[in-house]
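Here the structure comes first, spelled out in structure tokens, and everything after it is commentary.
Throughout, read-outs are computed from the coordinates displayed, never taken from laboratory work. Everything numeric in this text was worked out from a predicted model, so none of it was measured. Every residue, glycine as well, gets a Cβ built from its backbone with ideal geometry; the counts of neighbours run over all protein chains shown.
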Amino acid sequence: MSLDDIREKIDLLDDQLLRLLNDRAELVHEVGEIKKKDDLQIYAPEREEALLRALIAKSQGRLPEKSIRAIYREIMSAALALEDDLKIAYLGPEGTWTHQASIKKFGQSVAYNPQPNFGDVFDQVARRLASYGVVPIENSTEGAVSHTLDLFIDSPLKICAQIFLRIENSLMANCPVEKIERIYSHPQVFGQCRNYLSKNFPTADLIPVSSTTKAAEIAAGEDGSAAMGGTLASQLHGLTILDESVQDSATNTTRFLVIGEKTCPPTGDDRTSLVFALRDRPGSLYDALTPLNELNINMAKIESRPSKRKDWEYFFFVDLMGHCEDQEIVAALEKLQDHCSMFKVLGSYPNTNADS
């Protein structure tokens, strides 16, 4: 078969795909009208993840899971935009890792609303100025994000999804490598790329700024300047990527949470987050967690934070494998609450993994 013949077949397939996508859009619009009429959540992470898992299982061609998820991310993003004027608040500014994580989850078709701090993301969603919010919760090398944990204590919002984003810092500039005299970035990025910088730019001035987006903005307007950060920052400010994935650690992943008014229904493979404070008595933590062991419930994570209510009182943030409506989880949480002075389920959501 000649190249022209193959391209002609591809054109025919594209025509069919476009027609089918428009047919799908019509059905999506009908779904949106029904959801509005019945006052249902427009975004359904449990339906989204179930659909993706089913498509991946059915696929018998060349497309890997990563590509299937990326393609359908944009198809579903367009669908969400058709169903409602969806707005996503995230920790800004534009081009940050949280912005990239938001796009990974919601795609390019919805509206994004950057916020200056963690509290404003929560506030936008609580006041219904945004449909959902995206905030970082932990990094594989740096640990938990304490600001996010603290905000959950008094917030009525629930966790409805999680996002994993591999953090890969790139060197970007509008000049050749040998012309770089100064490099801008967030202090954390300099720390993550310390060995690379000392080896390749031992005499360059390293100038810390508030965000990688700010670094890219400054570098775009200065001769002899470069920035370090994500590829989205380079796209937003017209910089050329000179070197990719320059961080010292081969594994550096940040986990983000999607927050909304309601938690997610069960999918069969879920994760539940909760927070509690214990009564002050010997063995209280051991006693509180014993029901999890007795009912064979996997505790995936535990973090502690000062309660700020009184000296030496702590909140414990725990992730369990399972859904808060699962029979075993319900039984365990009832027993756990007997040992708590404060207890709150933060949400249950699909247990997506770092490669999703």
Cα pairs beyond 17 Å in segment 186-304, in percent, come to 71
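Could you please tell me the mean projected area of the C-alpha convex hull for the chain, averaged over all directions and given in square nanometres to one decimal?
Working: hull surface 92.1 nm².
Here the figure is 23.0 nm², rounded to one decimal.
Given Cα pairs under 8 Å that are at least 6 residues apart, what percent is the relative contact order of segment 140-233?
37
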Mean Cβ-within-10 Å packing, highest first, puts peptides 263-274, 337-348 in the order 263-274, 337-348
Spelling it out for residue 182: with amide H atoms placed in the peptide plane at 1.01 Å from N, the residues 5 or more places away or on another chain with amide H under 5 Å from its amide H are 205, 226
Along principal axes, largest first, the alpha-carbon spread of segment 289-356 in whole Å comes out as 39, 29, 18
For segment 257-262, in residue order, the Karplus 3J(HN,Hα) values (coefficients 6.51, -1.76, 1.60; θ = phi - 60°; whole Hz; Gly and Pro = x) are 10, 9, 10, x, 7, 10
Excluding residues fewer than 8 positions from residue 335 in its own chain, the aspartates and glutamates with Cα under 14 Å of it are 287, 294
Restricting to Cα pairs under 8 Å and 6 or more apart, the percent relative contact order of the chain works out to 18
Projecting the Cα atoms of 96, 52, 139 onto the charge dipole of segment 23-166, where Lys and Arg contribute +1 and Asp and Glu -1 at Cβ, the residue farthest towards the positive end is 52
Expressed as a percent, the portion of alpha-carbon pairs in segment 226-289 spaced more than 19 Å apart is 67
Counting only residues 5 or more apart in sequence or on a different chain, those whose built amide H sits under 5 Å from that of residue 253 are 140, 141, 167
With bins of 5 Å, the percent of all Cα-Cα pairs of segment 112-210 per bin from 0 is 2, 10, 17, 18, 14, 11, 12, 8, 6, 3, 0
With a 24 Å threshold on alpha-carbon distance, the violating pairs from 87/158; 310/344; 87/301; 35/262; 37/104 are 87/301; 37/104
Ranked output for segments 99-105, 2-8 by mean other Cβ atoms within 10 Å, highest leading, reads 99-105, 2-8
Per the C-alpha gyration tensor (a ≥ b ≥ c, the square roots of its eigenvalues), segment 59-180 is rounded if a/c is under 1.5, else prolate if a/b beats b/c, else oblate; here it's oblate
The aspartates and glutamates whose Cα lies under 16 Å from the Cα of residue 66, excluding any fewer than 8 residues away in the same chain, are 48, 49, 74, 355
Exposure-ranked with fewest Cβ neighbours within 10 Å first, 164, 106, 118 stand as 164, 118, 106
